[in-house]
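Colleague: Please read through the structure below; I'll follow up with questions.
Every number here is computed from the coordinates shown, using simple stated rules; none is lab data. As the structure is a computational prediction, the values presented were derived from the model and not from experiment. Virtual Cβ from ideal backbone geometry, glycine too; neighbours counted across all protein chains shown.
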Amino acid sequence: MNPSLDSTDLTNDDPVFPETENNQRRRLDFLGHAPCPLRNELRQRLHRHFRALEAKGEEVPAWFMPAGCHSPNPYDELWLIEDAAGLPDVISENGFGDYNRPEFLRRWFDTGMFGRVEAGSIRPEFHEAGLVDPKGQFHVYGAVPEVLLVDLARLGDRPVPRTWADVLHPRFRHEVIISGEPGEIHESIVYGLGRDHGEAGLAALGANVREFFHPAEMAKMAGTANPKGAALYILPNFFAKSCPHRAATRIVWPEEGVYLNPLYLFRKAAASPAASAAVDYLTGADWAAHLSKVGFAAGRADAPALPGKLRWVGWDYVRTNDLTAVAATMNAAFVRGYEAGR
């Protein structure tokens, strides 16, 4: 057995990693992260993909991908590392996390430790939304679109919202449900709405929010007589598509574009050949087809058409802002509006 596959169990579809037992870091070719709804599926697909490569005698990566979305793992504080040898050759991430902190960007991106990622042609909507990194260091292979799920009965005679600004109108006071909690709402909304509408926009959203639920609960609740429900739900398209009450609801893709979280990867300029196996799969046709099927936006040029535009803050925004500070400011504005509207 190839020693680079010491992280896998070749007898079933679920990979088994030594980190799960000893909570110790290893020298990795690939460290993977993915949104909760995708994580187990991606772990299993990568495991099968790497097994198939090994069976053909090809080099495969030493890798790790945590199973739980919130359970701790030994790589949680990896952004603090100061020794380049301890960095995986390829890291995949979703959203705005520790790898976007100014300290990490200055230490490893500005110095050229992470180089360009060449991964094929990208769909025009990604170019238009600024998801294509002008420096080529981040490669976005997919996106998590945030849509509006409208409960038509609860909406009544009010107009169906067409834009994000419509969601902020006082006509929807206490008629919006989102995920998270006061002071920690979904980052795609924090940064997207914050850039477009500022603190006033976050405060207006806060005043309109009735309650907080997990997106899976929202999908089940919309279109029912549940007294905890509301007219509007903001949730990822993956969950909105799973709503069983199709006749009583409508998915709205805002005209200016859906806010989103990017799914992206970055690689060392001197990455090992084995690391390419992870890049090839994440940017390949098989994974792109699955992303599109379940309601995510795949980045490949040959991916199916999207219902509308994508709206994102752009890599220049990520590189030039302290995102932790921005989030704190915007969440505080949301809380002010939420508390004032109670």
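Colleague: How tilted is helix 323-340 with respect to the longest principal axis of the chain? Cα atoms for both, answer in degrees (0 to 90, nearest 10).
Modeller: Long axis of 323-340 versus the principal axis of the chain: about 20 degrees.
Colleague: If you don't mind, another one. Restricting to bridges with both residues inside the chain, how much of the DSSP beta-bridge set is antiparallel, in percent to the nearest 5?
Modeller: 70 percent
Colleague: Over the stretch 232-271, one equal point on each Cα, no solvent: what is log10 I(q)/I(0) by the Debye formula at q = 0.22, 0.26 Å⁻¹?
Modeller: Log10 of I(q)/I(0), two decimals: -0.82, -1.01.
Colleague: Could you derive backbone 3J(HN,Hα) for the stretch 278-288 from the dihedral phi with the Karplus parameters 6.51, -1.76 and 1.60 (θ = phi - 60°), listing whole Hz in sequence and x where the residue is Gly or Pro?
Modeller: My calculation for the stretch 278-288 gives 6, 4, 4, 6, 5, 9, x, 5, 5, 5, 4 Hz in order.
Colleague: Sorted by mean Cβ packing within 10 Å, highest first, what order do the peptides 100-110, 256-266, 56-66 take?
Modeller: By packing density, highest mean first, the sequence is 256-266, 56-66, 100-110.
Colleague: 5 Å is the cut-off here: which amide hydrogens, built 1.01 Å from N in the peptide plane, fall below it relative to Gly299, excluding neighbours closer than 5 in sequence?
Modeller: Result for Gly299 returns Gly142.
Colleague: For the stretch 230-236, just list the computed ³J(HN,Hα) in residue order, Karplus coefficients 6.51, -1.76 and 1.60, θ = phi - 60°, integers in Hz, with x standing in for Gly and Pro.
Modeller: For the stretch 230-236, the Karplus-derived couplings read 8, 6, 10, 10, 10, 7, x Hz, x marking Gly and Pro.
Colleague: For the chain, can you list the cysteines whose C-beta has no other cysteine C-beta under 4.7 Å from it?
Modeller: Lacking a cysteine Cβ partner under 4.7 Å: Cys243.
Colleague: Let me ask you something else. Between rounded, prolate and oblate, where does the stretch 201-342 land on the alpha carbon gyration tensor, with a ≥ b ≥ c its root eigenvalues, rounded for a/c under 1.5, else prolate if a/b exceeds b/c?
Modeller: oblate
Colleague: Next question. List the pairs from Lys268/Lys309; Lys268/Lys293; Lys56/Lys241; Lys220/Lys293 whose alpha-carbon separation is above 28 Å, in the order I gave them.
Modeller: Lys268/Lys309; Lys268/Lys293; Lys56/Lys241
Colleague: From the Cα gyration tensor of the stretch 269-331, with a ≥ b ≥ c the square roots of its eigenvalues, which class applies: rounded if a/c is under 1.5, or else prolate if a/b is larger than b/c, or else oblate?
Modeller: oblate
Colleague: Convert each backbone phi in the stretch 122-127 into a coupling constant with the Karplus relation 6.51 cos²θ - 1.76 cosθ + 1.60 (shift: θ = phi - 60°), then list the ³J(HN,Hα) values in order as whole Hz, x for Gly and Pro.
Modeller: Values per residue, Gly and Pro as x: 10, 4, x, 4, 6, 4 Hz.
Colleague: Also: Can you tell which of Leu168, Val90, Leu78 lies farthest toward the positive end of the dipole of the stretch 78-180, using +1 and -1 charges on the Cβ of basic and acidic side chains (Lys, Arg; Asp, Glu)?
Modeller: Ranked along the dipole, the leading option is Leu168.
Colleague: According to the square roots a ≥ b ≥ c of the eigenvalues of the Cα gyration tensor, what is the shape class of the stretch 113-214, taking rounded for a/c under 1.5, prolate for a/b larger than b/c otherwise, and oblate for the remainder?
Modeller: The shape class here is prolate.
Colleague: Using Cα centres only, tell me the gap between the stretch 11-51 and the stretch 74-100 in whole Å.
Modeller: So the separation of the two Cα centres works out to 16 Å.
Colleague: Still on this model: When DSSP assigns beta bridges and you keep just the ones with both residues in the stretch 115-239, what percent turn out antiparallel, to the nearest 5?
Modeller: Roughly 60 percent of the beta bridges in the stretch 115-239 run antiparallel, per DSSP.
Colleague: Using unit Cβ charges (K, R positive; D, E negative) and no other charged atoms, how large, in debye to the nearest 20, is the dipole of the chain about its Cα centre?
Modeller: It comes to approximately 1000 debye.
Colleague: For q values of 0.10, 0.12, 0.13 Å⁻¹, compute log₁₀ I(q)/I(0) with the Debye formula on a Cα-only model of the chain, without solvent.
Modeller: Debye curve over Cα of the chain, log10 I(q)/I(0) at q = 0.10, 0.12, 0.13 Å⁻¹: -0.62, -0.88, -1.02.
Colleague: Over all distinct alpha-carbon pairs, what is the Kirkwood Rh of the stretch 164-259 in angstrom?
Modeller: One decimal place: 13.6 Å for the Kirkwood radius.
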